[in-house]
Amino acid sequence: MASYRSLNAWQVAHRLVIEVARATRTFPPDERLELTSQLRRAALSVPCNLVEGRARFGPREYLRFVRFAIGSAAEVGYLLHFASERPYLNSHEYQRLDGLRRETTIVLAGLARGLQKRAP
């Protein structure tokens with residue numbers, strides 16, 4: 001089996017993690033243990049679930065972890081929205097990050113559909 005790094009879904013999700021980490025560096029210090037940490041953990045959960053699912057046996061288990069990744073991406077979406085209303089993210093940065101989050105979700109949904117066809 002090819003490395004998880006060759007997966008388009010992982011590549012897009014990894015880019016989301018990098019961009020979220022970059023954007024949250026500008027959040028206020030009093031948010032470091034709360035919003036910053038939660039947003040980074042939610043973003044990191046997306047590719048981590050792909051890696052773990054890829055290491056499991058069979059498409060059914062893999063699909064389960066892809067669905068977890070989709071849920072984490074949804075959490076990232078809400079946290080980005082919240083950060084934009086605080087306002088820790090300006091409108092342009094919010095749109096850019098949320099666009100990347102939406103792209104990640106679309107790719108994950110495609111992966112899930114493919115796995116559903118293969119799962120017994």
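Derivation of every value follows stated rules applied to the coordinates shown; laboratory data play no part. Only a predicted model underlies this, so the values are computations on that prediction, with no experimental measurement involved. Reconstructed Cβ throughout: ideal geometry from the backbone, glycine too, with neighbour counts over all protein chains shown.
Numerical summary
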read-out	value
For the range 32-118, radius of gyration divided by Kirkwood radius, i.e. Rg to Rh on alpha-carbons	1.05
Net length gained if the chain between Gln38 and Arg113 were fully extended (0.36 nm per residue, minus Cα distance)	24.2 nm
Sparse-neighbourhood loop sites, chymotrypsin sites (Phe, Trp or Tyr not before Pro) in the range 47-97 - DSSP loop, at most 15 other Cβ within 10 angstrom	Phe57
Helix 37-55 vs. the chain, principal-axis angle (Cα, 0 to 90°, nearest 10)	10 degrees
Between 0 and 90°, nearest 10: helix 8-24 axis offset from the chain longest Cα axis	20 degrees
Positive-end extreme of charge dipole, the chain - chosen from Leu39, Val12, Tyr94 (charges on Cβ)	Val12
